[in-house]
Amino acid sequence: MAMLHTVNKSPFEKRSLDGALSHAVNGAAILMIEDGIYGALKGTAVSSKIEKALETLKVYVLGPDLKARGMTEDQVVDGVKVVDYAGFVDLVTEYDKVQAWL
Amino acid sequence: MKLSILVNEGPYQHQAADSALQFVKAALEKGHEIFRVFFYHDGVNNGTRFAIPPQDDRNITVEWSKLAESHKLDLVVCIAAAQRRGILDENEAKRQGKSGDNIAPGFRISGLGQLIEAGIQAERLVVFGD
């Protein structure tokens, strides 16, 4: 029963990413969208949380939302996969349930 | 796969309405079925045809209406949330003694039972909000 957790807030503004990470169990996935994409960036105060999460979880970030904020794929923590909206749809169908952390 | 969508945020508020719209488009392109899109809380503001965004900006409500027409989408606005925010269809306007209605084409006003049904009937319920 693997779950997809979506996070749409910046971890520097709200605690949605922490909420998702503390509830996600082995095999679950995190998808960062909208302002949530700031959580996926390298060299920030939360990068280490994502690096640790990658040991047990799959972590994704929505490419169009990265681009909309002037970020590029090479600024993303290694191991985080960039997906487009079609990839977002695929994740929703691959995982049994979807939980939005708003 | 059969999917339902819940939109809890109005257009131009942050990004949830845009995200939901893009997600629905991508899902339809992949051949998935959208059982229903339910608009709740400030999300009901997606359903007024009286909003006039600048001409060089996207018109989110018109995009929903177009999608509803081309893909026979069921766009449902929560009645209690709609009444609080002044979103009315012809029947509700008459019932409440208001001079006109403003619901956009392709949207309909109904109750929360429609959200529960959307959750039961679809294999996934994807939530967009603020």
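We did not get these values from a lab; they are worked out from the coordinates using the rules stated. This one's a predicted model, so the numbers in the text were calculated from it and none came from an experiment. Here the Cβ is made from the backbone with ideal geometry for all residues, glycine too, and neighbour counts use every protein chain on show.
Specify, per residue and in Å³, the volume enclosed by the convex hull of the alpha carbon atoms belonging to the stretch A:62-102.
Numbers: hull volume 3.7 nm³, N = 41.
Once divided by residue count, the hull of the stretch A:62-102 is 89 Å³.
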Q | Among B:63, B:117, B:29, residue whose mean-square fluctuation peaks in a GNM of chain B (springs only between Cα atoms under 10 Å) | A | B:29
**Q.** Calculated diffusion of the stretch B:67-128, Stokes-Einstein form, Kirkwood radius summed over Cα pairs, 25 °C and 0.890 mPa s, µm²/s
**A.** 190
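Quick check for me: using +1 on Lys/Arg Cβ and -1 on Asp/Glu Cβ, what's the dipole size of the stretch B:1-119 about its Cα centre, in debye to the nearest 20? Working shown, then result.
Numbers: 14 positive and 15 negative charges, 51 e Å.
Computed charge dipole of the stretch B:1-119: roughly 240 debye.
Could you calculate the FRET efficiency of residue B:108 with residue B:2 from 1/(1 + (r/R0)^6), where r is the beta carbon distance between them and R0 is 25 Å, rounded to 0.05?
Numbers: r = 19 Å, r/R0 = 0.78.
The value I calculate is 0.80.
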Q. In Å and whole numbers, how far do the C-alpha atoms of the protein assembly as shown stretch along each principal axis, longest first?
A. 59, 37, 30
Q: With only Lys, Arg, Asp and Glu charged, each at its Cβ (+1 for the first two, -1 for the last two), find how big the charge dipole of the protein assembly as shown is about the Cα centre; round to the nearest 20 debye.
A: 460
Q.
For residue A:74, project a label point 7 Å along Cα to C-beta. Then give me every residue of the stretch A:20-55 with its amide nitrogen under 16 Å of that point.
A. A:42-43
Q: Step through the table entries A:81/B:30; A:14/B:25; A:42/A:67; B:30/B:66; A:9/A:58; A:14/A:42, compare each Cα-Cα distance with 22 Å, and write down the pairs that go over it.
A: A:14/B:25
Q | Computed E for residue A:96/residue B:55 - FRET, C-beta separation, R0 45 angstrom, nearest 0.05 | A | 0.55
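Per Stokes-Einstein, at 4 °C and 1.567 mPa s, what whole-number D in µm² s⁻¹ belongs to the stretch A:1-75, with the Kirkwood radius over Cα pairs as the hydrodynamic radius? Kindly include the intermediate steps, with their values, before the conclusion.
On the way: Rh = 12.2 Å.
Reported coefficient: 107 µm²/s.
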**Q.** Rough spin-label spacing in nm, given labels placed 7 Å along Cα→Cβ, for residue A:55 and residue B:83
**A.** 5.4
Q: Set Lys and Arg Cβ to +1 and Asp and Glu Cβ to -1, take the dipole of the stretch A:3-101 about its Cα centre, and tell me which of A:82, A:8, A:29 lies farthest positive.
A: A:8
Q | Long-range Cα-Cα pairs in the stretch B:2-128 (distance over 22 Å), rounded percent | A | 30
**Q.** Inter-label distance for residue B:70 and residue A:18, nm, one decimal - labels placed 7 Å from Cα along Cα-to-Cβ
**A.** 4.3
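How many partner chain Cβ atoms sit within 10 Å of a residue's Cβ in peptide A:87-94, on average, as a whole number? Working shown, then result.
Numbers: counts 1, 6, 14, 3, 0, 10, 7, 0.
For this peptide, the per-residue mean of nearby foreign Cβ atoms is 5.
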